[in-house]
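Below: the structure, in structure tokens.
The values are calculated or read from the model by the stated rules, or taken from the named source; none is laboratory data. All figures in this text were calculated on a predicted structure; none of them were measured in a lab. So basically every Cβ, Gly included, is an ideal-geometry build from the backbone, and we count neighbours across all protein chains shown. These area figures cover heavy atoms from the full protein model, side chains too; ligands, DNA and RNA do not enter into them. Shrake-Rupley method; radii C 1.70, N 1.55, O 1.52, S 1.80 Å.
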Amino acid sequence: QVQLVESGGGLVQPGGSLRLSCAASGTISSISAMGWSRQVPGKQREFVATIFGAGSTNYADSVKGRFTISRDNAKNTVYLQMNSLKPEDTAVYYCFIVSGGSRYWGQGTQVTVSS
């Protein structure tokens, strides 16, 4: 069984920064990708960023240049540094990993950008 535990969400003013963390534990084979998605109530979950085993990354156009994804392979942990936050970034952020052909999700952490 795989568990993902997220942390780092909260309330921040527009233009501010937050850093999300997600630690994976349990029976994990090789992790091919780690990433983040987000969801606003009433809307579909949307992709934010992914980092692959070799270190390559993909970002949604809406966060390019503002968000940075990174990972610590030794700790099975993925991070999302979010800068220049906007009110439209408000959402529940979910981390995921892809391991052994399956995708696993965290429980989500709320990010609210508001003055």
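Which net charge results when you count Lys and Arg as +1 and Asp and Glu as -1 among the other residues whose beta-carbon is under 15 Å from that of Leu85? Numbers along the way, then the final one.
Details: positive: Arg19, Arg38, Lys64, Arg66, Lys86; negative: Glu88, Asp89.
Residues close to Leu85 contribute a combined charge of +3.
Seen from all sides and averaged, what is the projected area of the convex hull of the Cα atoms in segment 52-115, in nm²? Each step should come with its number before you reach the end.
Details: hull surface 21.0 nm².
Quarter of the Cα hull surface area: 5.2 nm².
Go through segment 93-105 residue by residue and turn each phi into a ³J(HN,Hα) via Karplus (6.51, -1.76, 1.60, θ = phi - 60°); whole Hz please, and just put x for glycine and proline.
9, 10, 8, 8, 10, 10, 9, x, x, 10, 10, 10, 10
What number comes out for accessible area per residue over segment 12-115 if the probe is 1.4 Å? Units Å², please. Could the numbers behind the result be given before it?
Details: 5260 Å² over 104 residues.
I get 51 Å² per residue for this part.
In whole Hz, what ³J(HN,Hα) sequence does segment 67-77 give by Karplus (6.51, -1.76, 1.60; θ = phi - 60°), x for Gly and Pro?
Residue by residue, segment 67-77 yields 10, 10, 9, 8, 9, 10, 5, 5, 9, 6, 10 Hz.
Would you kindly derive the ³J(HN,Hα) couplings of segment 30-42 from the backbone phi angles with the Karplus curve 6.51 cos²θ - 1.76 cosθ + 1.60 (θ = phi - 60°), listing them in order in whole Hz, with x for Gly and Pro?
4, 8, 8, 7, 9, x, 9, 10, 9, 8, 9, x, x
If you average the sequence gap of Cα pairs under 8 Å that are 6 or more apart and divide by the length of segment 30-115, what percent do you get for the contact order?
Values: 154 pairs, mean separation 26.3, N = 86.
It comes to 31 percent, rounded to a whole number.
Tally up the carbon and sulfur contribution to the accessible surface of segment 63-115 as a whole percent, 1.4 Å probe, everything protein left in place. Mind dumping the intermediate values first?
On the way: 1100 of 2500 Å².
Result for segment 63-115: 44 percent of the exposed heavy-atom area is carbon or sulfur.
Mind checking which lysines have their C-alpha under 28 Å from Lys75, skipping anything on the same chain fewer than 8 residues away?
Straight-line reach from Lys75, under 28 Å: Lys64.
Hey, if we sort Glu46, Glu88 by accessible area with the 1.4 Å probe, largest down, what's the order? All intermediate terms of the calculation are to be shown ahead of the outcome.
Working: Glu46 80, Glu88 120 Å².
So, going from the largest accessible area down, we get Glu88, Glu46.
Could you give me the percent of Cα pairs per 10 Å distance bin for segment 2-52, shortest bin first, beginning at zero and ending with the bin that holds the maximum distance?
18, 45, 31, 7
Given the chain, report the % of alpha carbon pairs whose separation exceeds 20 Å.
Details: 2325 of 6555 pairs.
Beyond 20 Å sits 35 percent of the P(r) for the chain.
Just to verify a number: what accessible area does Ser99 come out at with the full protein assembly present, 1.4 Å probe, Å² rounded to tens?
10
Could you list which residues have their amide H under 5 Å from that of Thr90, counting only those 5 or more apart in sequence or on another chain, with H placed in the peptide plane?
Amide H to amide H, under 5 Å and 5 or more residues apart or across chains, Thr90 pairs with Val113.
Quick one: net charge around Val113, please, counting Lys, Arg +1 and Asp, Glu -1 for every other residue with C-beta under 10 Å from its C-beta. Walk me through the numbers before you get to the answer.
On the way: positive: Lys86; negative: Glu88, Asp89.
Neighbour charge sum, excluding Val113 itself: -1.
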